[in-house]
Amino acid sequence: MLPFISAMLAFSAVALMLTLVLSKKHSRGIAVTAAFLMLLTTIAMLYISVLAGHVGFTESYAYISSLMITFGFNVGAVSLILLLMSSAVLLVASLSGNPERSRPKTSCLLIELFQISAIGLFSSANLFMFFIFWSIGVVSMFLMINVLGSSNRMRASINFLIYELFAGALILFGIMLIYFHTPLRSFDIQYIISNASSINPTTQALIFLALFVGFMIGMPIFPMHLWLPDAHAEASTQGSMLLSGIFTQFSAFGMLLLFTMLPVSSKYAAYVAALATVSAVYSALVLLRQSDIKRIVAYSSMAGMGIILLGCSASSISTSGALFAIFSQGLTAALLFLAAGSIKHIFGEHDIRLLKGAVVDAGPTVYAFLAGALALVGFPLTTGFVGYLLIFLEAVHAFGAYGAVALLAPLLVGAYLYFTISSSMLSSKGHSDSVGLIGSTQYLGYALLLLSIFLFGILPYILLGLLKT
Amino acid sequence: MLAILVITPLVVAALIAMLLHDRRAAGYVTLAASVLSLLLVLYLLVNNPGAQSVTWFSVSGFTFSIDTALLQLNTLMLLLVAVMAPIVLLYSIGFMSVPSERGRYYFEMCILAASMMLFSMSSNFITLLISWELLSLASYLLIGFWYRNERAQGAARKAIAAVLIGDLLIFASMLLVWNAYGSLSFATMLQQPANPEVAVALALVMIAALTKSAQFPFHEWLPDAMEGPMPSSAFILSSTIAKAGVFLLALMLPLFARYDLLGILVIVGSITALLAVSNALAENSIKRLLAYSTMENLGLMVIALGFNALLAAMLLFVAQTFYTALLFLCAGAIMRANDHEDDIYRLHGTPIRTPLFIAMIIGVVSVAGILPLAGFFAISSIGTAASFNMPVYLLLVLIGFVSSLCMFKWMFVPVRHGARSEIKGVYGALPKSITVPIYVLAALAVLSVLAYMYLPAFLGAPGIAVHGISLESAVLESMAAIAGLGAAYVLYMNSKPYNMKLHLRLYAVLYNGVLVNIFYQGVARAVMALSRAVCAFDRALYSFMRGMAGAVSRFGSMLRVMIDGREDVYVSVFVIAAIAAIVLFVVW
């Protein structure tokens, strides 16, 4: 077996160094190449897995032997699906996520750093690695907001950092508790999954609480979501794409892990589901009062995260529902932020009420936005539908009719998006004059994301088949 | 085989989006595809492939499949869609003459056709849901087609609001059915024992179907749907979206009967039909009058279904498809000749004794329910089915009278004495692609009388179908229709026709769509108020968190101030702490 993960990490690191050394006119090319290589590698891994009938890529190198910590990776079906999603988002972000072409070197450096974090986190075999790569992700996201963001970026980035540091501390605390309470003192995820039942229930509850609140902040779930709107509104287009497309999915992945690892978590499933429902509906209601296009996307993707948490809390097939929804959410949120960023660049305006008739000058962008909105609310033939279908089926199975209450969220989000899009961007031309141009790479970006959204929405068994094996 | 029906329009849509754009060919390719579909449907009529199931995806033992079946009802619906599509598309070629709109129009029509084909043959919830939502999307796009027009915008939003509620309800009912039976197929629902959860699910399906077929209180989108292009409105109201709701009700009729839900249908249908005719009396727009007449017809179908009279409902279902489309296309031709004026008091009707006028007469006589056209048989059958329920029966007679009055008003006012026919030439110059579909439809509207003879055998469902027309109901119904004709002749066929708009008080009572709109605005306002409250809470939470952060940093500053370099303070603190430590140690 080829060391795919180390290879991906290695060429991302090489790309990072090359970007540092070479002049800034090469940096975009390097970043795109690195992301493209990552996509190719994941597709190769997917291809091998489909041929072999099972997914299993493990690598392990000695790291801190005295504490039994290895530099280890384990890619199962879940990780592979998430890697595929992140590589697509990363590729589009580095290819077209910077319509302004501002500070290419810095932005490419940060994207490559974030790429390392995404590869490592989704394929980590132990919680130690998970935490390390999580922290790299936090640092690169912080810098992306702080250095590349818009006018109010200082406050937004510090806000983000405080929340994420707090989350990181809780996660670290939870991980340490697990380490000291497993019989063999191990960080290894597989080992923990098979031995977590031997941890006494009180400790388990404590671990659950620490990790849950930590991941809740990262997802984000009400009432820990307050960093999100500012961070999204102030980050650069690339920053928002990576933030909502991949970074928040780190925590969603963590939630999935948490619910798989700790047997005690099933005890709290009903509470978690209630919280998830509240969070989804809450963010949809807050959404109704937003007019900043990036905040609109931010709150609607937060509603999606609530539904993903609902999926995590219910069991079996919904776990794959949650996974599929994470996959979908990553692609969709990235598409929406890309389109929103391009609109902001073209018209120099981010208040949706002032974007009347945007479709006249920016047709493809507006239609991409509309398609993204459809996918976000779970329209059939998009990935969103499959995810929501599985999540809600299992939620109703687990919690009865209460499981369906969260359906209000897609209803409100859908109504609001349809209404605002039709009364602003799709109406007759107002005072919106285009002040900027976007390149063909933008269209390539839309095409790539839309292709994945529809391809896996129409043929979901390509991915779901992996889970079965 | 069935898949081709769905895929062909989608392929054409993709072709238009990628290659053809606004070229003239877009229309011809779409038309060709629809003719192909029609041929295929005719072939399927002979060689019914039966139930088919294609596995879509499966997860840990659960399988989701796209199930299709061609039972009698499915075939009927499919046939109507397949027949209507080429006619409407041919008309579109003449009607959509602005090149820049062509590509988008045919693209959206293809989506509509594909989803309607899939919808007509769906036999499980997954298929139903997919096609249902695609239909919603198509209606949103087509109704808001002229997006530069504020009213089209509003209409599209209204349609999507009704439709989103329907989508949500179908989704929710699917969840309940899955939970109850672990299966999503309609057949299973019939076979399995009754289950209270399924009763709820069916109630939700029923409401969803009512939203689509524009029944009270979701009816307001239908007259507004006239803001879209005329041929698409004709397609939407005659054979696709508005009919989809009725079709779904018919499909689920045995289940509704089993769970005793039919009473709701009678009530809702009656209210809808009554509201429709009252609004039609007050309406002067050539398009919206037809829309209200369609709404009234949909209401009658729902009433018939509520009496479990499937056959009567389906008779009207078939008849309405043709005459509604016919009248819409005529209205389109008239509006085109009058430079898109749509007030019947201001436009000039077609010259009498032209084929177009004869086609109009066929349509109007059929809608009004006058022997010997299809409308008569359908409406009398519904009357017969309702004859044991006196209030509804009388209501039907009243509706029959008013509806006939309104339809003849629609025809008489434009051609009355005094409407100068100086634009005779314009009618003569209508392109063939506009006139031919009208003649074809007129022929079909006449031929649909045959449905009365062949439909019972075709549906072949003994026990459900209440067949036959009682003499009493036929006579009463005819009298009402003829009275309507007479009243219309007296009121409208003169040089100073009666105009309801000039009698404001009566107009206000009859034209009550406004009230429904106010109600919905109230609902929207309530949701927005809730949203405002939640938003205020969100901001409060935000400031609270900032306050907390501020408190932490103030605490830090407080500590910092204590370390200010004054040795006397340091020493006194040290001494106090030492004493305290000793005391503590001793006491311990």
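Bear in mind these aren't lab numbers, they're just calculated from the coordinates by the rules spelled out. Computed from a predicted model, the values in this text were never measured in an experiment. Cβ coordinates were reconstructed from backbone atoms using ideal geometry, including for glycine residues, and neighbour counts include every protein chain displayed.
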State the Cα centre-to-centre distance between segment B:228-278 and segment B:346-401 in whole Å. 18 Å
Tilt, helix B:355-368 to longest principal axis of chain B (alpha-carbon atoms), in degrees rounded to tens, equals 70 degrees
Would you mind getting me the FRET efficiency between A:T441 and B:A443? Use the beta-carbon distance for r and R0 = 56 Å, nearest 0.05. 0.50
Which angle between 0 and 90 degrees, to the nearest 10, do you get for helix B:567-587 versus the longest principal axis of chain B when only C-alpha atoms count? 90 degrees
Hey, fewest Cβ within 10 Å first, where do B:V402, B:V490, A:V278 land in order? B:V490, A:V278, B:V402
Integer Hz, Karplus 6.51/-1.76/1.60 couplings in order for segment B:258-265, x for Gly and Pro: 5, 9, 6, 9, 5, x, 4, 4
Count the net charge of all other residues whose Cβ sits under 14 Å from the Cβ of B:P196, scoring Lys and Arg as +1 and Asp and Glu as -1. -1
If exposed means trypsin sites (Lys or Arg not before Pro) lying in a DSSP loop and surrounded by at most 14 other beta carbons within 10 Å, then the longest stretch of chain A lacking such sites spans residues A:186-428
What is chain A's relative contact order, in percent, from Cα pairs under 8 angstrom and six or more apart in sequence? 15 percent
How many nm separate the modelled label positions at B:I518 and B:D339, each set 7 Å beyond the Cα in the direction of the Cβ? 3.7 nm
Through the Karplus equation 6.51 cos²θ - 1.76 cosθ + 1.60, θ set to phi - 60°, convert the phi angles of segment A:59-75 into ³J(HN,Hα) values in whole Hz; use x for Gly and Pro. 9, 8, 10, 5, 10, 10, 5, 5, 9, 6, 9, 10, 8, x, 10, 9, 9
With B:L169 itself left out, Lys, Arg at +1 and Asp, Glu at -1 over residues whose Cβ is under 15 Å from its Cβ give -2
Within 10 Å of each residue's Cβ, count the other Cβ atoms and sort A:T237, B:T354 from fewest upward. B:T354, A:T237
Read phi for every residue in segment A:334-345 and hand back ³J(HN,Hα) as whole Hz from Karplus 6.51 cos²θ - 1.76 cosθ + 1.60, θ = phi - 60°, with x for Gly and Pro. 4, 4, 5, 5, 4, 5, 4, x, 5, 4, 4, 6
In the neighbourhood of B:S404 defined by beta carbon distances under 15 Å, the net charge of the other residues (Lys, Arg +1; Asp, Glu -1) is -1
For the pair B:S387/B:E101, report the inter-label distance in nm, with labels modelled 7 Å from Cα in the Cβ direction. 4.8 nm
Under a Cβ-only charge scheme (Lys and Arg +1, Asp and Glu -1), can you give me the dipole magnitude of segment B:186-286 about the Cα centre, in debye to the nearest 20? 280 debye
DSSP loop trypsin sites (Lys or Arg not before Pro) with at most 11 other Cβ within 10 Å excluded, longest remaining stretch of chain B: B:25-352
With +1 on each Lys and Arg Cβ and -1 on each Asp and Glu Cβ, how big is the dipole of the protein assembly as shown about its Cα centre, in debye rounded to the nearest 20? 1580 debye
What percent does the relative contact order of chain B come to when contacts are Cα pairs within less than 8 Å and at least six residues apart? 12 percent
May I ask which of A:K294/B:K212; A:K356/B:K158; B:K158/B:K212; A:K294/A:K356 have a Cα-Cα span longer than 24 Å here? A:K294/B:K212
If a/c stays under 1.5 just call it rounded; otherwise compare a/b with b/c (prolate if a/b is bigger, oblate if not). Do that for segment B:1-111, with a ≥ b ≥ c from the square roots of the Cα gyration tensor eigenvalues. oblate
If contacts are Cα pairs under 8 angstrom and at least 6 residues apart, what is the relative contact order of segment B:299-426 in percent? 32 percent
Computed FRET value (nearest 0.05) for A:A10 with A:A62, which takes r as the C-beta separation and R₀ as 22 Å: 0.80
Helix A:127-148 sits off the longest principal axis of the Cα atoms of chain A, rounded to the nearest 10 on a 0 to 90 degree scale, by 20 degrees
Positive-end residue of B:V413, B:F585, B:M18, charge dipole of chain B with Cβ unit charges: B:V413
Once you order the gyration tensor axes a ≥ b ≥ c over the Cα atoms, which shape class does segment B:285-341 get: rounded for a/c under 1.5, otherwise prolate or oblate by comparing a/b with b/c? oblate
Value at 222 nm in deg cm²/dmol, rounded to 500, when DSSP H runs of n ≥ 4 in the protein assembly as shown each add -39,500 (n - 2.57): -24500 deg cm²/dmol
Rounded FRET efficiency, nearest 0.05, which uses the C-beta distance separating A:L206 from A:S151 and R0 of 51 Å: 0.75
Answer with one residue from B:L237, A:Y388, B:V573: the one whose Cα lies farthest towards the positive end of the charge dipole of the protein assembly as shown, charges on Cβ with Lys, Arg +1 and Asp, Glu -1. B:L237
